Every structure is written in structure tokens, then in C-alpha cells.
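Here the structure is laid out as C-alpha cells; the discussion comes afterwards.
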Amino acid sequence: MFLPAVFIRYYHTGRLTESSDVYSFGVVLLEVATGELPILSGQGHIVLRVKQKIATGDINSVTDARLGGAYEISSMWKVVETALMCTADDAAQRPTMETVVVQLKECLALEEARLKGSGARASPRSEVADLVPASGPLVR
């Protein structure tokens, strides 16, 4: 089974760093975008799965099917790209959380512009709750 370098370093040092926090946040972003668990038996780690899917150039193959394509494509690409930057193997190549926040605000602005242009409103809380896995988040 593939174990990201951040986990191996943590195992050896017992210390978490800002960089390991950024990595973990990137994994959470991928979970949100894909609707998948971080590790699936026989399918590996979410980072590897997403990298394989984006090689097709089709963001719809990456995103959670339950979204039904109801998102700004540029925004979703930016979310996935930001998540992958966060999960870079080399900790020195990962962005700071400040940079991540700026990127995600840009994603939000793109999505808000799409909604405003279409006259649609953001999903009510009950619809958003339907997208959350019934099992809830796993304790890691």
C-alpha cells in the first residue's frame, strides 16, 4: 500500500509540522471535491487516484457525481489543483495556508459569479447535507 511521505516522516519523528497540516488539508479538499474516502481498498490513496483521473483532462471524472455538474468548471479545476499542490511529495513545494486561502477565495468568487449569472441560489442546507457521506468523517 502507498503511504505518502508525510506519514512516513511523522512515523519516524512523531512530529507534525505546518507542512504536514497543509498536506492533510489537501487530502480533505480532495475528499470534498471527489466525495471519496482517502483510502479505498485495492484502489490506493486519493492523491494517486485523482492524479490518474485528471490525466484524462476531464474534471467531471474527478468530481463527486452527486454534484451533477452543477459547478463552475474553472473553480473546480482550481480546487483540485490547489489540493494537489498541498499534497506535493516535497514539503518545500507545498503552499502556505495563506496561499491556499487566497486560492479558495478565488474559487468561491468564480462559483458565486456563476450562480449570480444563472439566477440560481446556493443550495439549501438540506441539499448540501445530502452530499455528506452517511458514515460521516473517519477519525484518523
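The values are calculated or read from the model by the stated rules, or taken from the named source; none is laboratory data. Because the structure is a prediction, the values reported are computed rather than measured. Cβ coordinates were reconstructed from backbone atoms using ideal geometry, including for glycine residues, and neighbour counts include every protein chain displayed. Surface accessibility is based on the protein's heavy atoms, side chains included, excluding ligands, DNA and RNA. Shrake-Rupley method; radii C 1.70, N 1.55, O 1.52, S 1.80 Å.
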Residues of region 27-46 being farther than 12 Å from residue 82 by Cα and in a helix (DSSP H, G or I), which ones? 31, 32, 34, 46
So residue 65, is it more than 13 Å from the chain's Cα centre (by Cα), open to solvent by 20 Å² or more (accessible area, probe 1.4 Å) and within 21 Å of residue 104 (Cβ to Cβ): no
Starting from region 73-84, take each residue that is over 14 Å from residue 32 (Cβ atoms) and list its partners that are part of a helix (DSSP H, G or I) and open to solvent by 20 Å² or more (accessible area, probe 1.4 Å), counting only C-beta distances under 8 angstrom and pairs at least six apart or across chains. 74/110
From the options 83, 70, 92, residue that is part of a loop (DSSP other than H, G, I, E, B), on the phi < 0 side of the Ramachandran plot and not acidic (Asp, Glu): 70
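Can you find a residue in region 89-99 that is open to solvent by less than 80 Å² (accessible area, probe 1.4 Å), more than 13 Å from the chain's Cα centre (by Cα), under 30 Å from residue 118 (Cα atoms) and modelled with pLDDT of 95 or more?
Step one: filter region 89-99 for residues open to solvent by less than 80 Å² (accessible area, probe 1.4 Å), giving 90-91, 94-97, 99.
In the following step, the residues that additionally are more than 13 Å from the chain's Cα centre (by Cα) were identified as 90-91, 94-97, 99.
From what is left, the residues that are under 30 Å from residue 118 (Cα atoms) are 99.
From the residues that got through so far, the ones that are modelled with pLDDT of 95 or more too are 99.
Checked against the condition, which is being open to solvent by less than 80 Å² (accessible area, probe 1.4 Å), more than 13 Å from the chain's Cα centre (by Cα), under 30 Å from residue 118 (Cα atoms) and modelled with pLDDT of 95 or more, region 89-99 yields at least one hit.
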Filtered residues of region 27-62 (kept if open to solvent by less than 50 Å² (accessible area, probe 1.4 Å) and of a type in the set (Asp, Glu)): 31, 36
Within region 100-113, identify whether any single residue is closer than 13 Å to residue 25 by Cβ and either touching a Cys at 6+ places or on another chain (Cβ under 6 Å) or exposed (fewer than 10 other Cβ atoms within 10 Å of the Cβ) (or both), and answer yes or no. no
Exactly one of 75, 24, 20 is of a type outside the set (Phe, Trp, Tyr), part of a helix (DSSP H, G or I), surrounded by 14 or more Cβ atoms within 10 Å (Cβ to Cβ) and out of contact with any Leu (no Cβ under 9 Å at 6 or more places or on another chain), and that residue is 20
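One residue is enough: does region 114-129 have a residue meeting the conditions over 20 Å from residue 20 (Cβ atoms), of a type in the set (A, V, I, L, M, F, W, C), at pLDDT 95 or above and surrounded by 12 or more Cβ atoms within 10 Å (Cβ to Cβ)? Before you say what the answer is, go through the steps one by one.
First, the residues of region 114-129 that are over 20 Å from residue 20 (Cβ atoms): 114-129.
With the extra rule that they be of a type in the set (A, V, I, L, M, F, W, C), the set shrinks to 115, 120, 122, 128-129.
Remaining after also requiring at pLDDT 95 or above: none.
Scanning region 114-129 turns up no residue that is over 20 Å from residue 20 (Cβ atoms), of a type in the set (A, V, I, L, M, F, W, C), at pLDDT 95 or above and surrounded by 12 or more Cβ atoms within 10 Å (Cβ to Cβ).
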